[in-house]
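Colleague: One structure, pasted below without further comment.
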Amino acid sequence: MAVEELADAYADPDLGAFNLGFLEDGVQAIIGRVLGRPVRAGGTGAAVPKGGESFAGWYFCTTTDEHIGYESWLERDRLILLDADPQVAGVASQPFWLHWRRSTAPSSCPGLLRRLADGRGRVVDVRAADRVDDAAAEAFAATGRACRAAGWEFARVGVPDPVLMANMRWLSRYRRRRCLRPESAAVLMDVFGEPGPLRAGAIRVGDPLGVLPVLFHLLWSGALATEVSARLLGVLHATTRGL
C-alpha cells in the first residue's frame, strides 16, 4: 500500500507528509510506497567518510553479529548501550531518509533504529542537547510525528552519564564470545552466588589475567551484575539470566 493510500485509509495526514528513502537490493530509492517493510542495517547506504570531524567508524554489534556504521563517538556510545540491552533484538544505523513534502523541516536521516524483542520498533536520533538548534528541533519533531503515524516509537537521546559510559566502553571490549571460557565462567557464577567484590572473587577462581576477561564478559552479557553507573570494581552478584 502506498504512503498516500495509508494516509487516506487512516485519515492521518502525517503518513502522507513524506517520502521514504532506503536501500533496497543495493540500490538507494526515494519512494512513497511500502512504509512497513523490514529495514536492513545501513538502510540508507550512507558512507562512513574518511578524514571527517565527527570520528565516524564501524562497531561490531554482538546483537546482530555484524558491523554497524556510526557517524560520531556519541552515536557509537549509544550503539554500545543498545548492544548490551537484553531487550534489543536488532539494530540498524541510518536506516532511512524522510523527505518532507509540506514542511520547512530539512530532510531527516535518523541515527539508529532498534527492534525490541517484543516486536516494537524505536527510531533514535542521537544529538547532544547543546547542539539541538531550532532547525534540528523542528526535524526531530517532524520525525517523531512520522514515526508515531507508522506505529514506531521515537526518541532523541543525548550524552549518557559519563561514569556509566566509561564502564560500558570498558566492558564492550569483552563482548565477543571468544572471551567466554566455560570452566572459569561456571566457577565465577558459583563464587558470585553471594555478592562480593570483583577482584577478590576473580582471585578465588584463578590468575586474574586469565579470569578477569571472562568476568567482564559475564558482566557484559548480564550473567553477572553490578552497579555500572558507579565504580565498576564494586560488589558483583550473579543474576537469574545465567550463562
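Colleague: Look at Glu183 and say whether it is charged (D, E, K, R), at pLDDT 90 or above and assigned by TED's automatic domain parsing to the domain that holds Ala84.
Modeller: Answer is no for this residue.
Colleague: Right, another one. Just for segment 149-165: of the residues that are assigned to a helix (DSSP H, G or I) and surrounded by 14 or more Cβ atoms within 10 Å (Cβ to Cβ), which one is nearest to the chain's Cα centre (by Cα)?
Modeller: Met165
Colleague: Continuing with this model, one more query. Given the options Ala146, Ala128, Ala225, name the one that is among the small types (Gly, Ala, Ser), surrounded by 14 or more Cβ atoms within 10 Å (Cβ to Cβ), in the same structural domain as Trp97 (by TED's automatic domain parsing) and within 30 Å of His67 (Cβ to Cβ).
Modeller: Within the list Ala146, Ala128, Ala225, the selection yields Ala146.
Colleague: Starting from segment 145-171, keep only residues that are under 15 Å from Val124 (Cβ atoms), then list their pairs with residues that are surrounded by fewer than 15 Cβ atoms within 10 Å (Cβ to Cβ) whose Cβ atoms are within a distance under 6 Å, requiring at least 6 positions of separation or different chains.
Modeller: Gly158/Ala128; Gly158/Ala129; Val159/Ala128
Colleague: Identify all residues within segment 167-207 that are among the polar types (S, T, N, Q) and in contact with a Leu (Cβ under 7 Å, 6 or more places away or on another chain); write none if there are none.
Modeller: The answer is Asn167, and nothing else.
Colleague: Okay, moving on. If I ask for residues that are out of contact with any Asp or Glu (no Cβ under 7 Å at 6 or more places or on another chain) and either closer than 20 Å to Gln94 by Cβ or outside the structural domain of Ala84 (by TED's automatic domain parsing) (or both), which ones from segment 149-158 would you list?
Modeller: If the condition is that a residue be out of contact with any Asp or Glu (no Cβ under 7 Å at 6 or more places or on another chain) and either closer than 20 Å to Gln94 by Cβ or outside the structural domain of Ala84 (by TED's automatic domain parsing) (or both), then Ala150, Trp152, Glu153, Phe154, Ala155, Val157, Gly158 are the ones that fit.
Colleague: Return yes or no: is Arg176 of a type in the set (Lys, Arg), out of contact with any helix residue (DSSP H, G or I) (no Cβ under 6 Å at 6 or more places or on another chain), at pLDDT below 90 and exposed (fewer than 15 other Cβ atoms within 10 Å of the Cβ)?
Modeller: no
Colleague: Looking only at residues that are part of a loop (DSSP other than H, G, I, E, B) and of a type in the set (Phe, Trp, Tyr) in segment 168-216, which one is farthest from Asp83 (Cα to Cα)?
Modeller: Phe192
Colleague: Where the second residue is among the basic types (Lys, Arg) and surrounded by 14 or more Cβ atoms within 10 Å (Cβ to Cβ) and the first is under 16 Å from Leu112 (Cα atoms) and lies in segment 125-144, which pairs have Cβ atoms under 6 Å and are six or more apart or on separate chains?
Modeller: The qualifying pairs are Asp125/Arg156; Val126/Arg78; Phe140/Arg156.
Colleague: I need a count of the residues in segment 198-214 that are in contact with a strand residue (DSSP E or B) (Cβ under 7 Å, 6 or more places away or on another chain) and either assigned by TED's automatic domain parsing to the domain that holds Leu81 or at pLDDT 95 or above (or both).
Modeller: 0
The values are calculated or read from the model by the stated rules, or taken from the named source; none is laboratory data. Given the structure is predicted, the values throughout are model-derived calculations rather than measurements. Counting neighbours? That spans all protein chains shown, and the Cβs are built from the backbone with ideal geometry, glycine included.
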